[in-house]
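The values are calculated or read from the model by the stated rules, or taken from the named source; none is laboratory data. Remember, predicted model here, so these are calculated numbers, not experimental data. Methodologically, a virtual Cβ is constructed for each residue, glycine included, from the backbone with ideal geometry; neighbour enumeration extends over all protein chains shown.
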Amino acid sequence: MSLDDFGAALPRPKPDFVPALTPLVVALVVAPFIGSASSFVTLTAAGLAMGMMIFTMASGLTLVFGMMDVLNFGHGAFISLGAYVATLVLLPLAHWAQVDSWPLDLALLALALAAAVVVCGLFGLIFERLVVVPVYGQHLKQILATIGGSIVAEQLLYALFGPDQIALAPPASFRGAFVLGDAAIEKYRVVATVVGLVVFVGLTLALNRTRIGLLIRAGVQDREMVEALGYRIDRLFVGVFMAGASLAGVGGVLWALYREQVHASMGGELLVLCFIVIIVGGLGSVGGCFISAILVGLIDNYAGFLAPKLAIVANILLMVVVLLWRPRGLYPVGGR
Amino acid sequence: MILSGRPPRGRTLQALVIAVTLALALAPFLFPGVKPLNVAAKVCVYALLGASYDLLLGYAGMVSFAHVMFFGVGSYGVGLALYGLGPSWGAVALGLAAGLAVSTLLALAIGLFSLRVQAIFFTMVTLAVSYAFNVLASQLDWLTGGEDGRSFRVPEILQPGFRLIDREAFGVALGGRQVSYYLVLVGCVVVFLALLRIVNSPFGRVLEAIRENPFRAEALGYRIVFHRTLATCLAAAGATFAGALNALWLRYVGPDTALAGSIQIATLVVVVIGGMGTLYGAILGAALFVVAQNYLQTLLGAVSTAAGDAGLPLLPGLFHPDRWLLWLGLLFILAVYFAPAGLVGALSREDDTTP
């Protein structure tokens, strides 16, 4: 043992690569059943894009839960809100979106995403202050209050934007597909995947390279210890809650452009997938959330191709299998 | 009261529970007519649905999103059996038995999978499973009739054309609807009393102990997973009964009447506004909820039109009759904050001597 070792930090925990390989395993297992290579490539690309979008929505949920044990059933409302913000930004600018120019369309997307971040963050703050704060530490009441909050928020969206679906076409240059040999990959899916990856990299860097990120990670591991060291974790939590709402909004924008329509009930439906993702990934773990979102996206698309009626059942089976294998999710955090 | 070591406390509360029960018992004679009888039957069904949910929410302290799914299993069980086998009591029994078996197995599976680690998993897993069940029920249209559902014929004695006796009793013709109503009422009362017996048994006390302090209960030697899973199964069975009775009453089963998310929300509202952890609360909550649902919409419609006439922005949308869930949701949040014991808690406070 050299002298350096005494001054060195604690030995790094062994990285656990097995769960990270599961999406690859799933893809390889399913591949023979798909039939043609081109369909497989298309489906895999679609699954990755869907996974990235779900990850964007679910990452905030898992951090919020990890820090304060708050399971926010109102999260779906922020997804819908983000989607409606996208319609507010993109529909008036529809004539720009007609122009087939990548820089202009990317700028439009960035504008919509920025608007969603700001609006959802603000409403996240309001939601946290009005609905969550009065019931801190009371588990059952918290669940009930956020359920009530989600009902009210969804109904408010209906009241403000009307009960009908709003069609939302993606900007011109995101339409159509890249053709690789026989396989067609829709352009917008590539865009969504890139945005999701940017969010993941940004989130990982923010959590691992900044002081606030360090505190957040510590808070997820053991809230009381961080409080005992003198940090006002409730203030930190407000920020995390707002960031989570913003991320949900970003996911909502991406999803609305992907489905090309917006409806207030979409948040509730996506929340189901988000819950599956954060359970499978391990509550509180961003990395686990990333892997499990990819898993869920891939399985949803494969199952949707092989047995269209069973896509959601396939994801429930995924949850069952993972919980049998690792009862606390792929990457369990702290004492959870 | 019967079968219970803990009768409702407080004069007003007792009077109210007795009044609602009596009104339900005599509904065909007190409020003759088609619509009032429908309202009364709905109150019965929601009271049972709420009471069985209270076993989970109030006694075990668990939030489930799958309660409406078990309700749907009961509805579809009886409905599809009558649809497939024709109107006979054998089909009703078979459908109910099948529904109970499916519900219990589903509840067992959900409980065993999700309760091993953390109670919060349970809530999320029930949401996912009931969502998947909804999708399946609407996709498998060869079995369930898809979005259209299935209309079916009920045994003869329950059909509207049937006459029990030729004369009128107390000015009301006793026909199949009245027989059906009493079937629903008696069914609900029997299962309600069974639930009452369960929550006042040692098992019910252990559930409360687990709700208050899981670690302590476990340290005292009670197996948490077993108790919580059993509670899930019992509550599921209660919801299945409610669903079966509802299907018999409606003579129709479909996603709107058996699986809609709004039924799940209604159940939550019934229990929370009535009072968690009391069972009686569900009766009061159901009566209040169903009446409110029927008359709130009319009221909202009036306000909405008035606001529209006055030219106010936004308000017509907010008070639109379809937005009644908005106001119910607000009431729900306020109840969670300020009156967690609900109506029962507010009414029994006055002469609350025993702790």
(request) Evaluate the range A:253-263: report whether one residue or more is within 13 Å of another protein chain (Cβ to nearest Cβ) and crowded, with 24+ Cβ neighbours inside 10 Å. (result) no
(message) Which of the numbered conditions does A:THR146 fail, given that it passes all the others? Conditions: (1) surrounded by fewer than 16 Cβ atoms within 10 Å (Cβ to Cβ); (2) among the hydroxyl-bearing types (Ser, Thr, Tyr); (3) within 21 Å of the chain's Cα centre (by Cα).
(response) (1)
(request) Using the structure shown, decide if A:SER80 is modelled with pLDDT of 95 or more and more than 12 Å from the chain's Cα centre (by Cα). (result) yes
(message) Looking at the range A:190-208, can you tell me whether even one residue there is in contact (Cβ under 8 Å) with a residue 40 or more places away in the chain and among the hydroxyl-bearing types (Ser, Thr, Tyr)?
(response) yes
(message) Looking at B:GLY345, B:GLY311, B:GLY301, B:GLY329, can you tell me which residue is buried (at least 23 other Cβ atoms within 10 Å of the Cβ) and among the small types (Gly, Ala, Ser)?
(response) B:GLY329
(request) Being under 23 Å from the mean Cα position of the chain (by Cα) and more than 16 Å from A:ARG259 (Cβ to Cβ) is the filter; apply it to the range A:174-192 and report the residue that is surrounded by the fewest Cβ atoms within 10 Å (Cβ to Cβ). (result) A:VAL190
(message) Can you tell me which residue is farthest from the other protein chains (Cβ to nearest Cβ) among those in the range A:310-336 that are of a type in the set (Gly, Ala, Ser) and assigned to a loop (DSSP other than H, G, I, E, B)?
(response) A:GLY334
(message) I'd like the full set of residues that are touching a Gly at 6+ places or on another chain (Cβ under 6 Å) and buried (at least 24 other Cβ atoms within 10 Å of the Cβ), limited to the range B:77-98.
(response) B:GLY77, B:VAL78, B:ALA81, B:GLY95
(request) Take A:GLN165 and decide whether it is among the polar types (S, T, N, Q) and touching a strand residue (DSSP E or B) at 6+ places or on another chain (Cβ under 9 Å). (result) yes
(message) Being at the interface with another protein chain (Cβ under 8 Å from one of its Cβ atoms), part of a helix (DSSP H, G or I) and either hydroxyl-bearing (Ser, Thr, Tyr) or surrounded by fewer than 22 Cβ atoms within 10 Å (Cβ to Cβ) (or both) is the filter here; which residues of the range A:155-173 pass it?
(response) A:LEU156, A:TYR158, A:ALA159, A:LEU160
(message) Give me the residue from the range A:276-309 that is within 11 Å of chain B (Cβ to nearest Cβ) and free of Cβ contacts under 8 Å to residues at least 40 places away in the same chain and, out of that set, surrounded by the fewest Cβ atoms within 10 Å (Cβ to Cβ).
(response) A:PRO308
(request) Filter the range B:99-123 down to residues that are part of a helix (DSSP H, G or I), of a type in the set (Val, Ile, Thr) and within 8 Å of chain A (Cβ to nearest Cβ) and give me whichever is surrounded by the most Cβ atoms within 10 Å (Cβ to Cβ). (result) B:THR123
(request) Please specify each residue of the range A:310-336 satisfying the condition of being among the aromatic types (Phe, Trp, Tyr) and without any contact (Cβ under 8 Å) to a residue 60 or more places away in the chain. (result) A:TRP325
(request) List the number of the failed condition for A:GLY176; all other conditions in (1) in contact with a helix residue (DSSP H, G or I) (Cβ under 7 Å, 6 or more places away or on another chain); (2) closer than 20 Å to A:TYR84 by Cα; (3) more than 14 Å from chain B (Cβ to nearest Cβ); (4) not hydrophobic (A, V, I, L, M, F, W, C) hold. (result) (2)
(message) So B:PHE65 ticks every box in (1) in a loop (DSSP other than H, G, I, E, B); (2) touching a Gly at 6+ places or on another chain (Cβ under 7 Å); (3) not hydroxyl-bearing (Ser, Thr, Tyr) but one. Which box is left unticked?
(response) (2)
(message) I want to confirm something. Restricting to the range A:120-138 and keeping residues that are more than 8 Å from chain B (Cβ to nearest Cβ) and more than 22 Å from the chain's Cα centre (by Cα), which single residue is surrounded by the fewest Cβ atoms within 10 Å (Cβ to Cβ)?
(response) A:GLY137
(request) For B:TYR46, work out the one condition from (1) modelled with pLDDT under 95; (2) within 16 Å of the chain's Cα centre (by Cα) it doesn't fulfil. (result) (1)
(request) Mind counting the residues in the range B:242-283 that are polar (S, T, N, Q), under 25 Å from B:TYR182 (Cβ atoms) and within 14 Å of chain A (Cβ to nearest Cβ)? (result) 1
(message) So if I check each of A:ALA256, A:ALA293, which one is in contact with a strand residue (DSSP E or B) (Cβ under 6 Å, 6 or more places away or on another chain) and assigned to a helix (DSSP H, G or I)?
(response) A:ALA256
(message) Among the residues of the range B:124-145, what is the count of those that are surrounded by fewer than 21 Cβ atoms within 10 Å (Cβ to Cβ), within 7 Å of chain A (Cβ to nearest Cβ) and among the hydroxyl-bearing types (Ser, Thr, Tyr)?
(response) 0
(request) Please find, among A:ALA228, A:ALA243, the residue that is among the small types (Gly, Ala, Ser), surrounded by fewer than 24 Cβ atoms within 10 Å (Cβ to Cβ) and either over 30 Å from A:LEU108 (Cα atoms) or modelled with pLDDT under 90 (or both). (result) A:ALA228
(request) Could you look through the range A:85-105, keep only residues that are surrounded by fewer than 23 Cβ atoms within 10 Å (Cβ to Cβ) and at pLDDT 90 or above, and pick out the one that is nearest to A:GLN165 (Cα to Cα)? (result) A:THR87
